[in-house]
Amino acid sequence: MPAERKPMRYAHPDGYTGVCFDESGRFMVTGGSDGDIRIWESLDDDDPKSINVGEKIYSLALRNGMLVTTVSNNIVQVHSFPEGLPDGILTRFTAEVNHIVFNTSATSVAAGSSDFMVKIIETKDNSQQKTIRGHEGPILSVAFDPKDLFLASSSCDGAVCVWKIADQTRVASWPLLTKFNEVNRATSICRLEWQPKIGKLLAVPVEKVVKLFERDTWENTDNLSDESIMMPLNVVSWSPCGGYVAAGSIDGSVVVWNVQTRKCIERFQHEKSYRICALAWHPSKDSIAYTDAEGNLGLHEGVLASAGSKEQASHSNAATFDDLFDEEDNDLLTKGMNLSPPSPMRQPLVDDDDDDDGDDDNVVAIVNRSRHNRAIEDDNSNDIGSSTQLEKMDNDDDDDDDNARTTVAQTAPTVVGYSGPVPTPQQKPFQPCSTPCYLQHRFMVWNSIGIIRCYSDEQDNAIDVEFHDTSVHHAMHLSNVLNHTMADLSHEAVLLACVKTDEVPSTLQCIHFNSRDANKEWLVDMPNNENIEAICLGQGWAAVSTNAQIVRIFSIGGVQKELFSLMGPVVAMSGHGEQLLISYHRGTGFDGDQCLGVQIMELGRRKRQILQGTSLPLTRKSYLMWQGFSAEGTPVFADSEGIIQMLNRSLGSTWIPILNTRDHCKGKSDYYWVVGIHENPQQLRCIPCKGSRFPPTLPRPTVTILPLKLPYCQTSSEKGQMEEQYWRSVLFHNHFDYLAENGYEFDETAKHQALKEQQELLMKLFALSCKAEREFRCEELTEFMTQNVLNLAIKYASRSKHLTLAQRLSNLAQEKATALLTVQDEDDFQADPKASYRSTVTKWSSHVQPPAQNSIEKEEGSEEDVQNNAEGDGNNELDPEETVLAKRRLNPFSKNLGPVERIIPKSVTLTNSMLARANPFKVTSGGISPALVGNHARNTNILDSMAKINKKASSTNSQSASNEKSLLLKPLVSKPKAKQTQATLFQPAISKFSSKTVEEKAIEAPSIQSIIPDNNNTENKKPKKTGFQLWLEESREDIVAESPGLSEEEIIKEGMNRFRVLSTEERKAWTEKAKRSGSIDNMPDAEDAQKRKRVEELHEDNLESKDENSEEPGSLAKKQKQQHVSTNSRLAAFAFKKE
């Protein structure tokens, strides 16, 4: 099996970092420039034990439960291991102590200092010290002879010396190194070492080679080198068996040689080519731990796998059944990953009581075996990788040994050589937003409500509850009598749970601080055969999942409610409002993958299942790290690879990745601990963890905000960025639809703002596609546009010389508008089926004769209704595509305005002249008048069934609208006429040129509008203008300038579309402006206004007298109207005429 190098992880700040193993090989111990000793159970240990021993550590050594360190105050001190309790000071120096080592029996310690001295101290009696003087520079390193006869040392004076311990005399000296004045300026720290057990050779790193000096003769017998070594070597280390030497250089190269053959068997390079500070061999495995000058810790496994020696196989008795799983699977067994411990069947199959006389010094203690390399290398080996084979050997103890070996040799390769998929240990249950339970000080939960901390040590066992918003509740301090290990927090309660013990059953405890009575706390004991594994809180309910795969629902007051069974062992539970999110094991995963399922339920008044049995899409070889809901109520989860995924309800409840936190990590050993997520604004709240997967409780960690980003392609380009922004906006605003469907309140302004941003992005993409001559892509983008933005796209295409595209988009816009009108009509009919019958104007309604005495009151009421409906447009935020909201609010542009349209004026005699002018907005749903066959295809508008009633028939329709004294709503019936000017309610906004044209044509074709006298002196009141009319007056020139070919009807339609796009505040501003202008314009008794009105009436009378002979019915009507002119009006007209 090739050697495997695991990714390095952060251990200490930059500076010298030492590393060593304990005698059992269970722990790795590191010390660095931060003055901390960290004890690692494995390289994947996310919470190593930390012991502070000083300001800065220069060197460390571990043997027989004694941890010796040299710190910045020039002392050598002892701590107990692994407790880390201080055990006294061994000695002091006058300068920094650069290196310290134990002898083989751990009875003495040798230390070299920058004061040129080496001291040998007895560990049991530190008064027994020996001092070696003779170097002329700071000591770089020291090494004990395994037989405790000699001591080797290297110094900045360039000499490597061997001293006799008994009388502190120099035995040998070699000038091998470059001279330096200070240790920190030395090219190499020259960490020399004796060969273990026999001490036959002394290995000294010198430049790019390792020099081997033979004991007693002190001759340089051989040099170990390799072509891959480009920089000076810094440190050497012998394997425990003494058969191999590893060396690390200042550029990060690590090389391993076989001493017997003098050949290089393994070499690897540091990830970032940092200086190697220390090397340490595992005492029983072929693994090398190493540290660099930046404080990182690494591990290289399977170093001797390629050596292929028979000695390796003969010492495989320490291997366990866990070796059948590859290293990636073993990594999942660490505590920080919350995975299940190995099953009982995966325990060591044989004891460590094999015969070992200790005479063979060249034997490797252990060989790391993988599932890809399990062939028996020696036919006489007793290494059996199967429990079946072991039982067979036990049963055949009385048989001949040769026959037994033959049987083993024949059957073992079949079983051991299995290379199929390996089952992955199932992940243990955990509480989201919590740190591991084995910590003494830990976070039980950290969410958007508050923080729950647990302190369990010899002095205190308590729980502290802290709220982010103190108005919810004050902080609480609870005594943890039941040893609660699980907790959850909401606006209503604190939920705690403990596991089952021999004395106490698994108990659920709830503190309902929003309770209205004095009893705010309740407890529930689980059945004897059940143990709580996960808990969560929602709005008015609490949920508990047990090891019996049962989920129990409780009310917030303690009432037991529904319960149901899960489809597998629970992993985690989360609650938000009425929603319950459960993740569980659907089956057994293989090759490092977890097989998890998800279930989402709603526990409100209508209980329903949202998702069940759906797989949770974890990243390959990862496990679930966090799950929960966004602040807006969308399910989210995070895996161990840092991928955050969210449920996309609009795409069939699929999961979509929204962020990769690894992109924000500076190092491979850095992680982000998720606290919460928000969709508006789009951000992830998390805590950065340096060299760990979760934060410590003290000092209090700081929450960091990360922006969310979808993994779209080519996000470096402008097109990719806008596409990612658009779909991210769509995804993170889907919650508005969910909240609306479930009756929750939400901010409509935020929704419209999001829609506006999306349409702006679509328009930018459209413009970008037009510039790139991608017309088909432009058509695809229009599918996501609203009607208003589609009109802008058509104009942009026309101006950018894409006329064919503009024509196709125009056709699409017409089809889209027709479809929207059809849907809107269906929705209106479903809302009120009788509305169409009440509001439809047909040719029969024009002959209805209402009572004459009530006509004026109806006219005034109808005028108010029209004004209110027109002004309502200013406050209306209706978009044509919002069909759901259209059912709830009145559409001011709908044709179903029954009460207004049913108002009919007094009896009027219909003549040919009255049918001279057609209403371009006339739409009928019943019988269509023959006179309107040519004009019935006009678009629907509120003006379809309204008409202005002037006192006199005027030839200047565009000018007379501003001088009218009363309004009357009347269904218009007209006969078809070739090119007739259209008179509308918005006529005063026409430019001077168009007004003159209309006036000239109006003189040729007299108006058919009837005059109704106003007995209540209403002739001095001008019609109020709506906010839309004022806006159209100011915007008409812009509309005409952009589209010169539009007719009056099309100008009004375009104005309506643009007015709808305006924000609510702008509409209200125009409406208020219209009200103010109306109040000013309607000031009574204006003498000049009366004079101008009289002139116009006289002019109209002259026009009527000219047509008396040609139109007799018309003249009779005019005579009838003239009888209603008041005396004051005639006098005023006479006076003005004389002037």
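Numbers at a glance
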item: Test for Thr588: is it closer than 25 Å to Val570 by Cβ, modelled with pLDDT of 90 or more and either aromatic (Phe, Trp, Tyr) or open to solvent by 60 Å² or more (accessible area, probe 1.4 Å) (or both); result: yes
item: Residue check, Thr485 surrounded by 13 or more Cβ atoms within 10 Å (Cβ to Cβ) and either farther than 24 Å from Gln579 by Cα or in contact (Cβ under 8 Å) with a residue 40 or more places away in the chain (or both); result: yes
item: Exclusive hit being part of a loop (DSSP other than H, G, I, E, B) and farther than 24 Å from Glu632 by Cα, set Pro711, Pro696; result: Pro696
item: Of all residues making up segment 509-530, the number that are open to solvent by 40 Å² or more (accessible area, probe 1.4 Å) and in a loop (DSSP other than H, G, I, E, B); result: 9
item: In segment 32-53, residue modelled with the lowest pLDDT [restricted to those that are out of contact with any Asp or Glu (no Cβ under 7 Å at 6 or more places or on another chain), of a type outside the set (Val, Ile, Thr) and open to solvent by less than 20 Å² (accessible area, probe 1.4 Å)]; result: Asp46
item: Subset of segment 179-200 (residues that are open to solvent by 80 Å² or more (accessible area, probe 1.4 Å), more than 21 Å from Trp163 (Cα to Cα) and part of a loop (DSSP other than H, G, I, E, B)); result: Asn181, Glu182
item: Per-region count, segment 537-556, residues of a type in the set (A, V, I, L, M, F, W, C), more than 15 Å from Lys500 (Cβ to Cβ) and surrounded by 20 or more Cβ atoms within 10 Å (Cβ to Cβ); result: 7
item: Hey, Thr470 closer than 28 Å to Pro695 by Cα and more than 27 Å from the chain's Cα centre (by Cα) or not; result: yes
item: Residue check, Ala95 open to solvent by less than 10 Å² (accessible area, probe 1.4 Å), hydrophobic (A, V, I, L, M, F, W, C) and either in contact (Cβ under 8 Å) with a residue 24 or more places away in the chain or more than 18 Å from Trp281 (Cβ to Cβ) (or both); result: no
item: Scope segment 143-167; condition in contact with a strand residue (DSSP E or B) (Cβ under 8 Å, 6 or more places away or on another chain) and either acidic (Asp, Glu) or open to solvent by 60 Å² or more (accessible area, probe 1.4 Å) (or both); matching residues; result: Asp145, Asp148, Leu149, Lys164
item: Residues of segment 270-288 classified as under 16 Å from Leu62 (Cβ atoms), in a loop (DSSP other than H, G, I, E, B) and out of contact with any helix residue (DSSP H, G or I) (no Cβ under 9 Å at 6 or more places or on another chain), total; result: 2
item: When residues of segment 281-294 are limited to those that are surrounded by 22 or more Cβ atoms within 10 Å (Cβ to Cβ) and not aromatic (Phe, Trp, Tyr), the one modelled with the lowest pLDDT; result: Asp286
item: Hits in segment 235-255 - residues which are open to solvent by less than 10 Å² (accessible area, probe 1.4 Å) and farther than 23 Å from Thr104 by Cα; result: Gly248, Ser249, Gly252, Ser253, Val254, Val255
item: Residue check for Ser717: hydroxyl-bearing (Ser, Thr, Tyr) and touching an Asp or Glu at 6+ places or on another chain (Cβ under 7 Å); result: no
item: Neighbours by Cβ (under 8 Å, 6+ apart or cross-chain): first from segment 633-660, within 25 Å of Leu537 (Cα to Cα) and open to solvent by 40 Å² or more (accessible area, probe 1.4 Å); second among the charged types (D, E, K, R) and not in a strand (DSSP E or B); result: Arg649/Asp737
item: Options Thr217, Thr221; residue that is free of Cβ contacts under 8 Å to residues at least 24 places away in the same chain, open to solvent by 10 Å² or more (accessible area, probe 1.4 Å), in a strand (DSSP E or B) and among the β-branched types (Val, Ile, Thr); result: Thr221
item: Candidate set from segment 719-778 (those that are among the hydroxyl-bearing types (Ser, Thr, Tyr) and closer than 27 Å to Gly633 by Cβ); member that is surrounded by the most Cβ atoms within 10 Å (Cβ to Cβ); result: Tyr726
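The values are calculated or read from the model by the stated rules, or taken from the named source; none is laboratory data. Keep in mind that this is a model prediction, so the values were computed, not measured. No Cβ is skipped: glycine too gets one built from the backbone with ideal geometry, and neighbour counts run over all protein chains shown. Keep in mind that these areas ignore ligands, DNA and RNA; they rest on the heavy atoms of the full protein, side chains included. Shrake-Rupley method; radii C 1.70, N 1.55, O 1.52, S 1.80 Å.
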